[in-house]
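Below is one structure, written out as structure tokens; the observations come after it.
The values are calculated or read from the model by the stated rules, or taken from the named source; none is laboratory data. Quantities reported herein were computed from a predicted structural model and do not represent experimental measurements. In case anyone asks, the SASA skips ligands and DNA or RNA and just uses the protein heavy atoms, side chains included. Shrake-Rupley method; radii C 1.70, N 1.55, O 1.52, S 1.80 Å.
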Amino acid sequence: YQEEIQELNEVARHRPRSTLVMGIQQENRQIRELQQENKELRTSLEEHQSALELIMSKYREQMFRLLMASKKDDPSVITKLKEQHSKV
């Protein structure tokens, strides 16, 4: 650790302090921008997941209704659909 600190100090001594401060400020700006982008991406992901959950629940509901309607007509259709669903 001490060796690393010493190396960093040596590198810093070869550059003016104002250059180092400006570099740090620029890095901080970039970090803040990346953090903001991460927040936006997380929000977007959560919204997409919620939408997908809603779509899938509606799909399952429709499939259940289809199965119930098919059950009245032909029990073999239900068996085939169950087999296909278990493969998926």
Check: Using a 1.4 angstrom probe and counting only protein chains, how large is the accessible area of Leu54 in Å², to 10?
Finding: 100 Å²
Notebook entry, point to check: If the cut-off is a Cα-Cα distance under 19 Å, which aspartates and glutamates reach Lys58, setting aside same-chain residues fewer than 8 apart in sequence?
Noted result: Glu46, Glu47
